[in-house]
């Protein structure tokens, strides 16, 4: 199967944004599940079929992740641009006051 692969070091407050050329499966996996995905075995992932773009996925925890984008058995053009959006942690937000 043809797919796009991105190895990402993500924090729990990051969001992965994939700008897609057409509908595609966008899957975020840890190392163990990425290995199973490559070998055609059962695996778990975050995300799924994105019928519109951009597709956003937030990792459940900090770590090394693999983002895979494929068409599955659907027709379309495989292509994407991936961005990491770093959200500010709720405990690090600052409020502005007036004097």
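Of all residues in the stretch 77-99, those that are at pLDDT 85 or above and either out of contact with any strand residue (DSSP E or B) (no Cβ under 9 Å at 6 or more places or on another chain) or in a loop (DSSP other than H, G, I, E, B) (or both) total 3.
When restricted to residues that are surrounded by fewer than 16 Cβ atoms within 10 Å (Cβ to Cβ) and either touching a strand residue (DSSP E or B) at 6+ places or on another chain (Cβ under 6 Å) or at negative phi (or both), the stretch 59-76 contains 8. Total residues in the stretch 1-58 satisfying the condition of being surrounded by fewer than 16 Cβ atoms within 10 Å (Cβ to Cβ) and in contact with a helix residue (DSSP H, G or I) (Cβ under 6 Å, 6 or more places away or on another chain): the figure is 1. For the stretch 32-53, does any single residue satisfy the condition of being touching a strand residue (DSSP E or B) at 6+ places or on another chain (Cβ under 7 Å) and assigned to a helix (DSSP H, G or I)? Checked the stretch 32-53: at least one residue is touching a strand residue (DSSP E or B) at 6+ places or on another chain (Cβ under 7 Å) and assigned to a helix (DSSP H, G or I).
The values are calculated or read from the model by the stated rules, or taken from the named source; none is laboratory data. Everything numeric here is computed off the predicted structure, so don't read it as measured data. In this analysis, Cβ positions are derived from the backbone assuming ideal geometry, glycine residues included, and neighbour counts consider all displayed protein chains.
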